[in-house]
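Q: Here it is: the structure, laid out below.
The values are calculated or read from the model by the stated rules, or taken from the named source; none is laboratory data. All of these numbers come straight from a predicted model, not from anything done at the bench. For neighbour counting, all protein chains shown are included, and Cβ atoms are generated from backbone atoms with ideal geometry for every residue, glycine included.
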């Protein structure tokens, strides 16, 4: 009996709806206009109309409350066409939306989440600091509770959508409590006095990232959605990001693979299609093998979510798929020859975007530390490693 994972009719319809939007707007060919940092707002608005931006949000706030798996499927399909659009959608579906829908007070949920679903406002997350990226326990940004108010001070850097987002999910120390147990989370509106964008960096993928300073920024106490000891809850929510990030990498690999096959079928050398050369067919076979291996790891991690993915499965999937996608996109560009290196070639934009995956959402090296430690700690010297029984 064939044990392959088969998508349901509803899942296929969801992917089909996203594909229809991508084709109707010719998103892949038009993605060149976002290389200068222009935000793909028209694409997000179109996707909002078919419910994509509300997939992580409960139904009572206008969303569809789909699982991590369906969310990853949609991001994969979007990334096959446009990296900046996929990144913009992920910021509406990832840790930001899940922190608010899981931990924010009811009044804030009702104020923020319906507008997110409708594409009326955008969210951003503030984690990285100038001296601390993955090293969350050493964050310096601090929030001091003063009666019914909270005062935030600190600097966050490499923040997406500092110009476009209205609400920011800020990872912060609470009352100066040290270590990881001192980390909580505050919701900050960009219009709050003390919020300042102090620098902007343009990425090779086409995004603009920014540095944000919080200077005695004061918010109501209800904006402190997680107090001291909230780190484990934040990390659980962040494991979702470790599935959504590689879903973009997987989609980029698939999009690049499609471009490569179309190109070698059309390209002729001495009257012979390049696709008939054994060397090219071997490249294509290896690319497809790697994509399918990555898909299996990623889908397994997504399906472990209850409601958040298993951290071990998510880490393994992320580090494999991120690195696999870099290899596949690189090979896809290679078969294009010199044309693939030009900005006009869609393959060059896949190449620009794919390099980000292993940097964001937990660097590959940090995830290897996490997985390696668990393997050593959990190894059974008698039975060794037993099958999990999962495809």
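Q: Of the residues 154, 147, 133, which single one is within 17 Å of residue 194 (Cβ to Cβ) and outside the structural domain of residue 16 (by TED's automatic domain parsing)?
A: Step by step, each of 154, 147, 133 is checked, and only 154 is within 17 Å of residue 194 (Cβ to Cβ) and outside the structural domain of residue 16 (by TED's automatic domain parsing).
Q: From the list 78, 100, 121, which residue is assigned to a loop (DSSP other than H, G, I, E, B) and either within 18 Å of the chain's Cα centre (by Cα) or closer than 19 Å to residue 191 by Cα (or both)?
A: One residue alone meets the criteria, 121.
Q: If you don't mind, there's one more thing I want to ask. Checking residue 246 against (1) within 23 Å of the chain's Cα centre (by Cα); (2) in a helix (DSSP H, G or I); (3) within 29 Å of residue 111 (Cα to Cα), only one condition comes out false. Which one?
A: (3)
Q: Same structure again: Restricting to region 359-385, name every residue that is surrounded by 10 or more Cβ atoms within 10 Å (Cβ to Cβ) and in a loop (DSSP other than H, G, I, E, B).
A: 359, 360, 361, 362, 363, 379
Q: Got a number for residues in region 172-198 being under 30 Å from residue 35 (Cβ atoms), surrounded by 15 or more Cβ atoms within 10 Å (Cβ to Cβ) and at pLDDT below 95?
A: Count: 0.
Q: Quick one: which of 242, 200 is touching a strand residue (DSSP E or B) at 6+ places or on another chain (Cβ under 6 Å) and closer than 25 Å to residue 89 by Cα?
A: Unique residue meeting the criteria: 200.
Q: Something else about it: Among the residues of region 138-158, is there at least one that is within 20 Å of the chain's Cα centre (by Cα), buried (at least 17 other Cβ atoms within 10 Å of the Cβ), part of a loop (DSSP other than H, G, I, E, B) and at pLDDT 90 or above?
A: no
Q: Could you figure out which of (1) assigned to a helix (DSSP H, G or I); (2) touching a residue at least 12 places away in the same chain (Cβ under 8 Å); (3) within 15 Å of residue 223 (Cα to Cα) isn't true of residue 111?
A: That leaves (2) as the condition not met.
Q: Here are some conditions: (1) in contact with a strand residue (DSSP E or B) (Cβ under 6 Å, 6 or more places away or on another chain); (2) surrounded by 24 or more Cβ atoms within 10 Å (Cβ to Cβ); (3) within 30 Å of residue 49 (Cβ to Cβ). Residue 103 meets all but one. Which one does it not meet?
A: (2)
Q: Of all residues in region 81-97, count the ones that are outside any helix (DSSP H, G or I) and either assigned by TED's automatic domain parsing to the domain that holds residue 209 or under 19 Å from residue 27 (Cα atoms) (or both).
A: Residues that pass the stated criteria total 2.
Q: Do you know which residues across region 1-53 are surrounded by 17 or more Cβ atoms within 10 Å (Cβ to Cβ), over 19 Å from the mean Cα position of the chain (by Cα) and in a loop (DSSP other than H, G, I, E, B)?
A: Passing the criteria: only 25.
Q: Of everything in region 91-116, what is closer than 27 Å to residue 354 by Cα and modelled with pLDDT under 95? Give them in sequence order.
A: Those that are closer than 27 Å to residue 354 by Cα and modelled with pLDDT under 95: 91, 92, 93, 94, 95, 96, 97, 98, 99.
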